[in-house]
Amino acid sequence: MFEQYQRIKQEHADAILMFRMGDFYEMFFDDALKASPLLEIALTARGRGTGNEAPMCGVPHHAVDSYIARLIASGLKVAVCDQVEESGQARGLVRREVVRVVSPGTVTDPGALDARENLYIGCILPSEEAAGAAFVDLSTGELRVAEPAGRGHELALLMAAFRPREILVPEGTDPEPLLDGAGDPAPAAGTLPSWSFGRDAAWRAVLEQMGTITLEGFGCQEMDLGVRAAGALLHHLRATQRSALAHIRRIVPHRTADHMVLDAPTLRSLEVVRSLADGGRAGSLLSVLDRTLTSMGARLLQRWLVSPPRDEHVVRARHEAVGELLGDERARETLRGLLKPVRDVERLLGRATLGTANARDLVALRDSLAPLPAVRDLAARLGAPLLTGRPGPLASADTAAPPGSLDAMEDLHAALAGALEDEPPAGLKDGGIIRAGHDAALDDLRTIARDAASHIAAIETRERQRSGINSLKVRYNRVFGYSIEVSRANLALVPPDYERRQTLVNAERFVTRELKEMEEKILTARERSTEIEHGIFCRLRDAVAAHGSRLKASAQRIAELDVLASLAEVAAARGYVRPEITSRPRTRIVAGRHPIVEAVRSQERFVPNDTTLGGDGARILIVTGPNMGGKSTYLRQVALISLMAQAGSFVPAEAAEIGLADRIFSRIGSSDNLAGGQSTFMVEMQETANILHNATPLSLVLLDEVGRGTSTFDGLSLAWAIVESLRASCGTGGRVLFATHYHELTDLSATLADVRNLTVAVEESGHDVVFLRRIVEGSADRSYGLHVARLAGLPPGVIERAREVLANLETNELGGDGLPKLARHRPAGGREAAGAGQMPLFGAPEDPAASEVAEAIRRMDPDALTPLEALTALHRLRRRLRGDPE
């Protein structure tokens, strides 16, 4: 057995080998030493005390999936080695083989998956000027390919969109530089042999998988690098899963130009799928919009939000469908009621195809197919093409099923309903899977097994009468089977045809020919009925896999209907309206609201605000105002409304006109990368550089407090230059919202017609301030930081001293050259015009000259001075302040 183990282990040296022995999966040697503390199970040994002692630990076979999940969560790979023949049929050692290899990217066990999220394994083929990328969700059979330019920015965008759990690259390639943007935690990385990326081998693998001679019909015939990455990944998955992967029958090209792009910082700062508070779904845009009833719909909604389409016809088709379901409450409620019992058809199909589905999985599939005819009939009565499946613009080529009405799969449902018990056991060899009446031979065998007790009782009665032994009993023992037990006192009455089988202390056990025949019949019936049941089940499971393409299309149609009904339900509950979609770079929002803040703080009245940006109006909005006044909320609100509209959702506003964007950039909030040795300011500058290099006339850009991580003058200078650069790089398009405490930036509106100033309205009463959270025209000259500090609980003495220092700073606010104007080019000759430079920071109140100058200015009446007198007075005051003789 150990020779067999070592031979198999050598083929899977990089994995924990779970070796099936009877009712347990055992791990030996280093695997046992590594796994036992992770799984919190006892470490023991075979051959203890001998020279061949082998450390070992084991887990029950019926609970193996949960233990595999724990090992995978620890970053390990697991090879599952099963007995592939029955011990009674084996000649010598039972044959064992690895039936699947589970890695972080190939988990399919429902207990280890988040039902509402995809789990991708990716494969990257880098080249000098581009890269090929392929992503597969093994649990659903989804396969996507892409060809990002180079190895940097576009590849990082792909990683942010798919967030793979595992990445594979050609051997000899360092995977680390390719993982940027993949999220936290970073995906596991591995290598594949170079030959699998070869053009002939890779293309052959993909064409065989699709069952075609060309990929023209899938729209990726020209994506050579992407197809080669897909081919290498398919080679790997076939080898590790020991499966033909029959549920992968479609390859979808993912092109950046077809989608709005959201990079990792933008997804994070806008809280599209994860909350900034704890990294969970609660408090994210996804949690607000997700009222889906199926796991398939939940996953599709997330894809719509992460990669909204850029085709205005597609977006309008989604809006039309949502609008119809919003207006027809009865149809919406009926549809959602029909979808409620539908389980995860995509993943049930995946398990059936991979051969891991049990009877309960097929029962779940059967019950999920039951409402489909009613769903089909309801959808056919609606008007929007996206609901009925009639030809027309669909959600997008990469998420929707092909045009056509919903395939209700009545034939497959009938086959499953006619064969399966309503509540079968989890195990495939426990019996009780197949309905009575489905198979005549199975029914006969079950009758024999069921009537065994009465047959045995009849034999017992006859033998008592024949022998005259009233205490005679027929017993069953697992080792010896059925036997007739006679006490020692009655041995003289035993008939001569009894055969002795076992001697006990106070009795003897015998068998008769009739009893042996009945025993063989009963045991054979049980064993044979289990075999027949298992065979019928396997044929049913194969039939499900054979209908994979139809099931996949039906699952996608159900997911789409679920998402559209969910968006309509949210719109009805929260008062969202249909946005007007345009191809012009323009955003106009009337009484817009932040969807997440409004939902989370449902007890508070959200103050709505208007936005007009782009088109013929201002393209850059400079937003000033107090801390906690709502500037960041306003910026995020505009971005989220734009994102929701382009994804196909209605929006929280009274009216909205949204121009399609190619990208949303968001530089909001502060973060650092201590492990990478990057400060908050460094991270901020890197993200801003990314925006400046990649923003286009169709982009929506959000910048919040850029430059605050350095000195005031450095930060202001950078902020000023960044706004000017964005204005130049975005040409006549582009939409920029820039929130800042650098009030000097508002001077840009005086010279640039497409820059407009907005501020947050404030109501003051002495030292008390009320933030009205209304965005109005104009600019702020104060940040009210002291007021926020007081609300935060700083000691009163600190607040009072800060107020004194602030007063001195505000009266002496000069530029680096000693003059008040900051927004101009430096005069020729550098800083020598500044003379003595800047006045003392805190006004030097003990300086008599400064006090005299201040008093002279207070007494002066500028309106009574001629220009010459004013100039003379200014020179006199300057000499007095510098201590020059009069």
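What to note about this one:
- Contact order, relative form, for the stretch 5-111: 26 percent (alpha carbon pairs under 8 Å, 6 or more residues apart, mean separation divided by residue count).
- Counting every alpha-carbon pair across the chain, the share separated by more than 45 Å comes to 46%.
- Accessible surface of the stretch 599-642, 1.4 Å probe: 41 percent of it comes from carbon and sulfur atoms.
- Net charge in the neighbourhood of L157 (other residues with Cβ under 11 Å of its Cβ; Lys, Arg +1, Asp, Glu -1) is -2.
- Computed from backbone phi with θ = phi - 60° and the Karplus coefficients 6.51, -1.76 and 1.60, the 3J(HN,Hα) list for the stretch 720-725 is 4, 5, 5, 4, 4, 5 Hz; x is used for glycine and proline.
- Residue-by-residue Karplus 3J(HN,Hα) for the stretch 440-447, coefficients 6.51, -1.76, 1.60, Hz, glycine and proline x: 5, 4, 5, 4, 4, 5, 5, 4
- Ranked by solvent-accessible area (1.4 Å probe, protein heavy atoms only, all chains present), the residues K340, K429 order from largest to smallest as K340, K429.
- Contact order, relative form, for the stretch 177-257: 33 percent (alpha carbon pairs under 8 Å, 6 or more residues apart, mean separation divided by residue count).
- Computed from Cα atoms alone, the Kirkwood hydrodynamic radius reported for the stretch 190-261 is 12.8 Å.
- Ranked order, R381, R593 - accessible area, probe 1.4 Å, largest first: R381, R593
- When DSSP beta bridges are restricted to pairs lying wholly in the stretch 590-740, around 20% turn out antiparallel.
- Using the alpha carbons alone, the radius of gyration of the stretch 309-398 stands to its Kirkwood radius in an Rg to Rh ratio of 1.06.
- Put simply, when 855-865, 357-367, 116-126, 727-737 are sorted by average Cβ atoms within 10 angstrom per residue, most first, you get 116-126, 357-367, 727-737, 855-865.
- Each DSSP beta bridge with both residues in the chain is either parallel or antiparallel, and the antiparallel ones are about 60%.
- Of all accessible heavy-atom area on the stretch 321-360, the percent that carbon and sulfur account for (1.4 Å): 43 percent
- Partners of K77 within straight-line reach, counting lysines whose Cα lies under 17 Å from its Cα and excluding those fewer than 8 residues away in the same chain: K9, K34.
- Cα pair distances in the stretch 269-326, grouped into 5 Å bins until the bin that holds the longest one, percent each: 4, 18, 20, 25, 19, 9, 4, 0
- Listed by chain and number, the aspartates and glutamates whose alpha-carbon sits under 12 Å from that of K521, ignoring those within fewer than 8 places in the same chain, are D444, D451.
- Neighbourhood charge, 10 Å Cβ-Cβ cut-off, centred on L76 and excluding it, Lys, Arg +1 and Asp, Glu -1: +1
- For the stretch 463-567, the relative contact order works out to 16 percent when only alpha carbon pairs closer than 8 Å and six or more residues apart are counted.
- Heavy-atom accessible surface of V64, to the nearest 10 Å², is about 10 Å², with a 1.4 Å probe and all protein chains retained.
- The stretch 46-204, accessible surface, carbon-and-sulfur percent (1.4 angstrom probe): 46 percent
- Mean-position separation - Cα centroids, the stretch 306-350 and the stretch 206-235, in angstrom: 30 Å
- Scattering profile of the stretch 13-79 at q = 0.23, 0.29 Å⁻¹ [log10 I(q)/I(0), Debye over alpha-carbon scatterers]: -0.97, -1.42
- When T256, T624 are compared by accessible area at a 1.4 angstrom probe, the order from most to least is T256, T624.
- Under-5 Å amide H pairs with V252, H placed in peptide plane, nonlocal only: L143, R144, V145
- Dipole-positive endmost among L349, A452, A282 within the chain (Cβ charges, Cα centre): A452
- ³J(HN,Hα), Karplus 6.51/-1.76/1.60, whole Hz, each residue of the stretch 706-718, x for Gly, Pro: 5, x, 6, x, 9, 5, 4, 5, 4, x, 4, 4, 5
- For a straight C-alpha distance cut-off of 27 angstrom, the lysines reachable from K631 (same-chain residues fewer than eight places away being disregarded) are K821.
- In this view, the solvent-accessible surface of M685, computed with a 1.4 Å probe and all protein chains in place, comes to about 40 Å².
- Residues in the chain average 46 Å² of solvent-accessible surface per residue, probe 1.4 Å, ligands and nucleic acids excluded.
- Cα gyration tensor category, rounded, prolate or oblate, for the stretch 230-329 with a/c compared to 1.5: prolate
- Derived from the Cα gyration tensor, the three semi-axes of the equivalent ellipsoid of the stretch 78-191 are 35, 16, 11 Å, largest first.
The values are calculated or read from the model by the stated rules, or taken from the named source; none is laboratory data. Predicted, not measured: the structure shown is a model, and the values here were computed from it. Note that we place each Cβ from the backbone using ideal geometry, even for glycine, and neighbour counts take in every protein chain shown. Protein only, heavy atoms only, side chains kept; ligands, DNA and RNA dropped before computing areas. Shrake-Rupley method; radii C 1.70, N 1.55, O 1.52, S 1.80 Å.
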